[in-house]
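Remarks on the structure that follows.
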Amino acid sequence: MARATPLPPDERRAAIIAATTPLLRERGREVSTREIAEAAGIAEGTIFRVFASKEELIDAVLDDAFDPSASYQALLDIDPALPLQTRVANAVAILQQRMNRVFGLVYALGFRQPPDAEQRRRPPRPDRALETGMLAAVLAPDAARLKLDPERAASMLGAFVLALSHPMLRGACLDEAGPDPLEIAELFLHGVAAPAAGAPRADTLPTDLLSSPSLRDPSFPHAEGC
């Protein structure tokens, strides 16, 4: 193999991680360093000048996948001059891309949840408040058109994307495509039902729902940290 073009260490590391990511999704831990080297266009020994072992490289790929900084920057880069539905669809696509990358790797590597902190260094995790603020900024130029304030609408948008895009939550196979970003944006902004002429708006919850133990009883189990 021809000698690889010299790159600064950070760029070489990033290039190896980028070449390894799709191979891990396809082959899991069975992928060989020779296959990784061929995909990256480098000699196999170059991998071990950057990473001490294949496991360290896999850890680096996971860290990169879990790191939300690229997604945050992409959200910041959404043009506020675009139409509202286009901006929302762009935001949905960014969230879906990160989610698909993370879950694709997690499943391919045999995890059902992110690796335990005792087994490996905990990767950066999304800051939900920061992410909600960025989604709110996407919605803010059209705040006057929204029924909710942008922060609350953004929080709901994040949950909406997760529910419709996570394969386990929508009862689908990992490789089965979910709703595309434009469809999710349409559903989020306009719902599934056309408003009937003169139809009253439901401003309150039904009495039987308000009396539900799950809403009143503090001993009812809730998600940790909520």
Please identify the pairs in which a residue from region 49-62 that is more than 13 Å from GLY28 (Cβ to Cβ) has its Cβ atom under 8 Å from the Cβ atom of a residue that is open to solvent by less than 10 Å² (accessible area, probe 1.4 Å) and part of a loop (DSSP other than H, G, I, E, B), counting only partners at least 6 apart or on another chain. LEU57/PHE51; ALA60/PHE51
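Here is a list: PRO126, PRO115. Which entry is under 12 Å from the mean Cα position of the chain (by Cα), modelled with pLDDT under 90 and in a loop (DSSP other than H, G, I, E, B)? Write out each step before concluding.
Working: PRO115 fails: under 12 Å from the mean Cα position of the chain (by Cα).
Within the list PRO126, PRO115, the selection yields PRO126.
The values are calculated or read from the model by the stated rules, or taken from the named source; none is laboratory data. Predicted, not measured: the structure shown is a model, and the values here were computed from it. Glycine gets a Cβ as well: all are built from the backbone with ideal geometry, and neighbour counts include every protein chain shown. Ligands, DNA and RNA are excluded from the accessible area calculation, which covers all protein heavy atoms including side chains. Shrake-Rupley method; radii C 1.70, N 1.55, O 1.52, S 1.80 Å.
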